[in-house]
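Below is one structure, written out as structure tokens; the observations come after it.
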Amino acid sequence: MRKVLYLLDQTEFTDASLPKLPEGFEQRILTQNASAQERRKEISDAEIVFGEPTLEELHHAKKLRWVQMFWAGADRYLGGDFPENVLLTTASGAFGETISEHALAMMFALCRRLPEYLRANDWVDRGSEKRISGATAMIFGCGDIGSEIAKRLKALGLRTIGVCRNARSPRRFFDALTTLSCAAAFLPDADFVFCAMPSNQDTDGFFDETHLSFLKKDAVLINVGRGRFIDTNALTACLKAGKLFGVGLDVTHPEPLPPDHPLRAFPNVIITPHVAGVSFGHLPETERKILSVCEENLMHYLKNEPLRNVVIVP
């Protein structure tokens with residue numbers, strides 16, 4: 001009997017929504033309440049794992065052939081030590097809608113100074129606000145998330161500049177494209193900057209003191225990608241110097257930020273605890289999209305066809 005194991009982060013979940021398995025497969029489900037010993041035992045003879053097992057758990061999986069993540073980012077497995085001859089795929093493509101809505105919610109709140117009004121709890125005008133329509137937005141990352149952000153910004157009347165690997169191939173919802181190595185030339189024109197980049201040696205720390213200095217004094221910076229993309233110390237110094245109209249961070253470095261970190265004290269900064277892409281137990285539509293990716297890949301796997309969202313693990 002070939003075993004498929006589901007590792008779920010919460011308990012409010014029924015197997016009715018899971019992909020249907022053909023004969024010869026056994027389906028097992030573990031929730032967050034499972035003990036470490038139980039998890040190790042179930043993983044040890046699984047052929048397929050849906051979820052995010054630890055690297056230590058994976059090395060006890062002698063029959064494992066494929067790990068299908070429920071998340072879009074595979075950072076936890078890219079530092080080395082991932083088992084050889086095991087396929088790794090993500091649920092990329094399922095989160096664009098929810099994360100883009102979170103990013104725009106931050107944008108609207110910052111432009112209308114809502115965080116300041118909420119914190120003040122008084123009846124005092126907090127000053128000028130920032131116009132959105134007609135502005136220029138720069139979006140770092142033109143994949144599912146970045147494209148969904150651009151789509152919504154275009155509908156609001158913004159000009160969009162995308163930053164991607166290949167700037168020669170036109171992409172829908174983007175007025176212009178550039179690469180990360182050339183992005184600095186466009187930063188002075190950006191009223192809004194959205195970050196949806198993965199974490200790697202090319203992207204980590206991109207927004208350092210130099211690149212932050214290229215931004216307009218009243219620019220809005222929002223990060224829903226990876227915390228390492230922005231140098232936290234440089235960003236703190238930038239805000240202390242009175243630059244940037246507002247900052248929205250769903251991801252930080254380190255994560256979580258210490259409770260007394262100076263970034264938490266700025267009235268024009270919104271920090272959310274990496275929840276822009278929450279799914280199971282939060283947004284049913286996102287759950288369905290994730291499971292759709294899983295089911296599609298399972299069908300391909302059973303037919304020995306190429307899988308979607310394969311990660312090249314170093």
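The values are calculated or read from the model by the stated rules, or taken from the named source; none is laboratory data. Predicted model only: the values in this text are computed from it and were never measured. Cβ: placed from backbone, ideal geometry, glycine included. Neighbour counts: every protein chain shown. Quick note on the areas: whole protein, heavy atoms, side chains included, nothing else; ligands and nucleic acids left out. Shrake-Rupley method; radii C 1.70, N 1.55, O 1.52, S 1.80 Å.
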Note: the chain, point scatterers on Cα, Debye, no solvent; log10 I/I(0) at q = 0.07, 0.12, 0.15 Å⁻¹ equals -0.32, -0.86, -1.19
Once normalised by the length of the stretch 223-287, the mean sequence separation of its alpha carbon contacts under 8 Å that are 6 or more apart gives a contact order in percent of 35
Probe 1.4 Å, all chains present, heavy atoms only: residue 29 accessible area in Å², nearest 10, is 70
Interchain or sequence-distant (5+) residues whose placed amide H lies within less than 5 Å of the amide H of residue 249 are 223, 270, 271, 272
Relative contact order of the chain (C-alpha contacts under 8 Å, at least 6 apart) in percent is 16
Once both label points are put 7 Å beyond Cα along the C-beta direction, the residue 44-residue 278 separation in nm becomes 3.6
Over the chain, cysteine residues that find no other Cys C-beta under 4.7 Å are 111, 182, 195, 238, 294
Sorted by chain and number, the residues with a modelled amide H under 5 Å from that of residue 177, at a separation of 5 or more or across chains, are 162
The simple spin-label model distance between residue 105 and residue 60, using points 7 Å out along Cα→Cβ, in nm, is 3.7
In order over the stretch 109-118: 3J(HN,Hα) from phi, Karplus 6.51/-1.76/1.60, θ = phi - 60°, whole Hz, x for each Gly or Pro, gives 4, 5, 5, 9, 6, 4, x, 5, 5, 5
Residue-ordered couplings for the stretch 35-43, obtained by feeding phi - 60° into the Karplus form 6.51 cos²θ - 1.76 cosθ + 1.60 and rounding to whole Hz (Gly and Pro as x), are 6, 4, 5, 5, 4, 4, 5, 5, 6
Sorted by chain and then number, the residues having a modelled amide H within less than 5 Å of the amide H of residue 88, at least 5 places away or on another chain, are 67, 311
For the stretch 147-163, Karplus-derived ³J(HN,Hα) couplings (6.51, -1.76, 1.60; θ = phi - 60°; whole Hz; x for glycine and proline) come out as 5, 5, 5, 4, 4, 6, 5, 4, 5, 8, x, 9, 8, 10, 10, x, 10
Rounded to the nearest 10 Å², the 1.4 Å probe accessible area of residue 189 is 90
CD proxy, 222 nm, the chain: helix-only mean residue ellipticity via -39,500 (n - 2.57) per DSSP H run with n ≥ 4, per residue, nearest 500, stands at -7500 deg cm²/dmol
Whole-Å distance linking the alpha carbon centroid of the stretch 165-210 with that of the stretch 19-94 is 33
Stretched fully, the stretch from residue 237 through residue 210 gains (0.36 nm per residue minus C-alpha distance, one decimal, in nm) 8.5 nm
Here the alpha-carbon Rg of the stretch 263-306 over 2.2 N^0.38 Å rounds to 1.90
Dimensionless Rg/Rh of the stretch 212-291, both radii on Cα and Rh by Kirkwood, sits at 1.05
Rounded to one decimal in nm, the spacing of the 7 Å Cα→Cβ label points at residue 112 and residue 185 is 3.8
